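Here's the structure we're looking at; comments come further down.
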Amino acid sequence: MAYKEVTVKQPLLLTVLPYVSIAAFFIVWEFAVSSGVIPNELLASPSQVVSTFIDKLSNPNPDGAVMATHAWTSVQEAFIGYLLALLVGIPLGLAMGWFNVVEGLFRPIFELIRPIPPIAWIPLTVFWFGIGLAGKVFIIWIAGIVPCVINAYVGVRMTNPTLIQMARTYGANDWQIFTQLCIPSSLPMVFGALQLALAYCWTNLVAAELLAADSGLGFLITMGGRLGRPDIIVLGMICVGISGAIIGFIIDRVEKKLLAGIRR
Amino acid sequence: MDEKQTRNKVEVRNLTKRFGDLTVLDGINFNIKEGELLAIVGPTGCGKTTFLNTLSKLMPTTEGNIYINGEEADPKKHNLAYVFQEPTCLPWRTVRENVAYGMEVKGVGKEEREARATKIMDLVGLTSCADLYPNQVSASMMQRIAVSRAFAVNPDLLLMDEPYGQLDVKLRFYLEDELVNIWRKLNSTVLFVTHNIEEAVYVAERILVLTNKPTKIKAEIPVDLPRPRDLLNPKFIELRKEVTELIRWW
Amino acid sequence: MSGSSIANETIDHSKNREPFSFYKFITNKYFLNVVSIVAFLLIWDYVAKEKIFRDSLARPLEVVDQLYMLTYMKFAGTNLAGHIWASTQRVLIGFIAASIVAVPLGLFMALNKYVNAVVKPLFDLFKPMPPIAWVSIAILWFGIGEMSKVFIIIIGTFVPCLLNAYNGVRLVDPDLYDVVRVLGGNRRDEIFHVCFPASFPAVFAGLQISLSSAWTCVLAAELMNSRDGMGFLIKRGMDTHQPTLVLGGMVLIAAAAYGTSLLVTLLEKKLCPWKRTIENL
């Protein structure tokens, strides 16, 4: 069956408005700061942020590291924590969804730990692991594991019960049903978890670095605050936002590719 | 009829199912002969689904048991197959892989699997879409996949739960003919549950009429019409009326 | 039972009685839950007692003791209830302020293409920025008082509220509109009888996410700078190296987050009892 792609013409105004809106935002921002309506100690203008960015590419002052170092530190921490969260969380969630014993043993502990915001672990983490890589990875891991477990669990639970009955009448055992039915049917939910976990990891990366770090994008923001340099703060925020958006975009792409292969 | 045809393949003894105080199935006894196509009809809500679920061992029975070839039925040991009312295709497998799924669970070798799947798909006309995914084929195709998958395991007992209930009349007749055709070619033992009396008279060798809850067997009607059956044959109409009367008189 | 009397002679009845089975007992869900919790506490206690993390983990009973002590003893000017209320108050103010603006705006964006075209791009610009990244600039703008904390909570709760309200309206089943149209309803009927009710579950899902985000934000803000609140307890515990205080704070904040999310769930049950729930989740 072939569907014809139909393009609906929309009013020109609707196409233009988003760009106008963004442009207006930056112009107002620039103008408000440069004209002094908003004092420069409180907010840096876009042009200042850009020049700070260019400067920070090669200049480690005043916070002790160049831009690339900060970005690399953050990405490294986030990535390790994220991968560990996926590696532990998804299998755990899948098993909890299907095997009653696993659910009975792990669900209460999971429910106890779940409402604690990952940031609350920071002090204990600092006590236990210091302010190095391990500590931050631990916080990011805690943040990422929650959506992984929940989504994988829900995905397995939503397996069509008739399919399970069908497999049972053919004499399939629990393990066959788990691997042949539950896991494939939970895949869309699991991929949802990839996105969600990443967002959680990235948010909490900033939190972990705000409190205890010596480099990283979150650290850059904190230093900007301590030094009273709004340009550095805004630069850090924008970098965190943009890199988060880029990683999210990549995962979205990968997900679409993989799911297309699975479900057509 | 030869000797093989008259042997009892499946024996159901005192099949009883209670949910707390509610008795759904009340001491049902019947046999299915080898290679027989037995239809079961009953009023709405007479516990047909419970009946099938206990027969297929999805649900434990309160009393009584099901014997296949004289042994207690066990999905792990016997070849049971179940065609559900709703389509049960695995969306992540192609049509061919879906048809082969039952055999895969049974541990049939890969080559054997391929050969049998190809044969069955030829019979039901699925060959042309063997490599498509289920969401690319129509609803009637989905049901054919389920039927093929069931026949492919050479089942000792094939249970069908109103498999064509949701299809339109024309398609249904077509698929019923197809079912009868496969069944005769493969000589399987089939238990066909339906609420459509015409359908039952059309496909079955014998019809069991069930009562309302608590469900018992009310009557047993052999259908010895020649095949292919003619819906307008006076004998056919008479049988249909007989069954209809039985259901109306619960 | 007349039909079954013949067969009854051959069937052994006792076989159908469920015998007490050791396997059944140890795989019982509630039994496993108890085992799980007890094991968790015992391991925690053992790890703390054996000083595997040196002096950086408190035993469960010490934490309870510490919390009990705080209920009658003033700590940094107020007792336990005061600290709990300080945080809760911030969360409530920020959460309510954000949801009052964000939910209607989200609904409005989904209904009006032009508003959407203006607001959505700005919103997409701010969306990927974690709310915690705003902590530094909030302090720069509003100082270290209440205002900066509430500001961060608003930032953190605004996004999920708006996003869910927006998607809730856009994902309404189009057939439902036809029901109203076929009965001769106008645009207003469509909006009030279909759009809003149908998007309620999504709105509530957004509120739940916002709430958990609000607790994270208040914690971040209090950890950075504060004189009261549960985050302050944790921070003070960190600075003075008192694991009991840190763990006590964590327990409190978990309980508070859980309690408020329960409240929203109850409210949702009350307001849209028709919502389909997936069982066994």
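The values are calculated or read from the model by the stated rules, or taken from the named source; none is laboratory data. These numbers were taken from a predicted model, which means no experiment stands behind them. With ideal geometry, Cβ positions are generated from the backbone for all residues, glycine too; neighbour counts draw on all protein chains shown.
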Report task. Report whether or not A:LEU112 is surrounded by fewer than 17 Cβ atoms within 10 Å (Cβ to Cβ) and aliphatic (A, V, I, L, M). Result -> yes
Requested in this report: Considering each of C:PHE95, C:PHE53, C:PHE108 in turn, give the residue that is touching a helix residue (DSSP H, G or I) at 6+ places or on another chain (Cβ under 9 Å), among the hydrophobic types (A, V, I, L, M, F, W, C) and not assigned by TED's automatic domain parsing to the domain that holds C:GLN208.
Outcome: C:PHE53
Query raised in the report: Quick one: which of B:VAL124, B:VAL105, B:VAL147 is farther than 30 Å from B:LEU22 by Cα and in contact with a Ser or Thr (Cβ under 7 Å, 6 or more places away or on another chain)?
Result: B:VAL124
Query raised in the report: Does C:PRO174 satisfy the criteria of being within 28 Å of C:ALA221 (Cα to Cα) and not small (Gly, Ala, Ser)?
Result: no
Report summary line: In region A:90-109, anything among the small types (Gly, Ala, Ser) and either under 25 Å from C:SER261 (Cα atoms) or surrounded by fewer than 17 Cβ atoms within 10 Å (Cβ to Cβ) (or both) is listed as A:GLY93, A:GLY97, A:GLY104
Query - Test: residue in region C:210-228 that is touching a strand residue (DSSP E or B) at 6+ places or on another chain (Cβ under 8 Å), assigned by TED's automatic domain parsing to the domain that holds C:TRP85 and not β-branched (Val, Ile, Thr) - result: yes
Query raised in the report: How about region C:31-56: which of its residues are more than 16 Å from A:LEU112 (Cβ to Cβ) and surrounded by fewer than 12 Cβ atoms within 10 Å (Cβ to Cβ)?
Result: C:TYR46, C:LYS49, C:GLU50, C:LYS51, C:ILE52, C:ARG54, C:ASP55
Query - Yes/no for C:THR265 being out of contact with any strand residue (DSSP E or B) (no Cβ under 7 Å at 6 or more places or on another chain), in a helix (DSSP H, G or I) and modelled with pLDDT under 90 - result: yes
Requested in this report: Return the residue satisfying two criteria in turn: it lies in region A:1-31 and is not aliphatic (A, V, I, L, M) and not in a helix (DSSP H, G or I), and of such residues it is modelled with the highest pLDDT.
Outcome: A:PRO11
**Report entry** Residue list for region B:46-72, restricted to those being under 18 Å from B:PHE19 (Cα atoms) and of a type in the set (S, T, N, Q)
**Finding:** B:THR49, B:THR50, B:ASN53, B:THR54, B:SER56, B:THR61, B:THR62, B:ASN65
Query raised in the report: Does at least one position in region A:244-252 carry a residue that is away from chain C (no Cβ under 11 Å), in contact (Cβ under 8 Å) with a residue 12 or more places away in the chain, more than 20 Å from C:LEU122 (Cα to Cα) and not in a helix (DSSP H, G or I)?
Result: no
Report task. Go through region A:207-230 and count every residue that is buried (at least 19 other Cβ atoms within 10 Å of the Cβ), within 11 Å of another protein chain (Cβ to nearest Cβ) and touching a residue at least 40 places away in the same chain (Cβ under 8 Å). Result -> 13
**Report entry** Condition check for A:ALA197: buried (at least 23 other Cβ atoms within 10 Å of the Cβ) and more than 8 Å from every other protein chain (Cβ to nearest Cβ)
**Finding:** yes
**Report entry** Selection status of B:LYS77, surrounded by fewer than 19 Cβ atoms within 10 Å (Cβ to Cβ), over 27 Å from A:SER185 (Cβ atoms) and touching an Asp or Glu at 6+ places or on another chain (Cβ under 8 Å)
**Finding:** yes
Report task. Please specify each residue of region A:57-70 satisfying the condition of being surrounded by fewer than 18 Cβ atoms within 10 Å (Cβ to Cβ) and of a type outside the set (Val, Ile, Thr). Result -> A:LEU57, A:SER58, A:ASN59, A:PRO60, A:ASN61, A:PRO62, A:GLY64, A:ALA68
Report summary line: Those residues of region A:130-188 which are outside any helix (DSSP H, G or I) and within 10 Å of chain B (Cβ to nearest Cβ) amount to A:ASN160, A:TYR170, A:GLY171, A:ALA172, A:ASN173
**Report entry** Entirely in region B:59-170, the strands (runs of 3 or more DSSP E) that have 1 or more residues that are in contact with a His (Cβ under 6 Å, 6 or more places away or on another chain) and more than 9 Å from chain A (Cβ to nearest Cβ)
**Finding:** B:63-68
Query raised in the report: Is it true that B:VAL169 is within 20 Å of the chain's Cα centre (by Cα), among the β-branched types (Val, Ile, Thr) and surrounded by fewer than 20 Cβ atoms within 10 Å (Cβ to Cβ)?
Result: yes
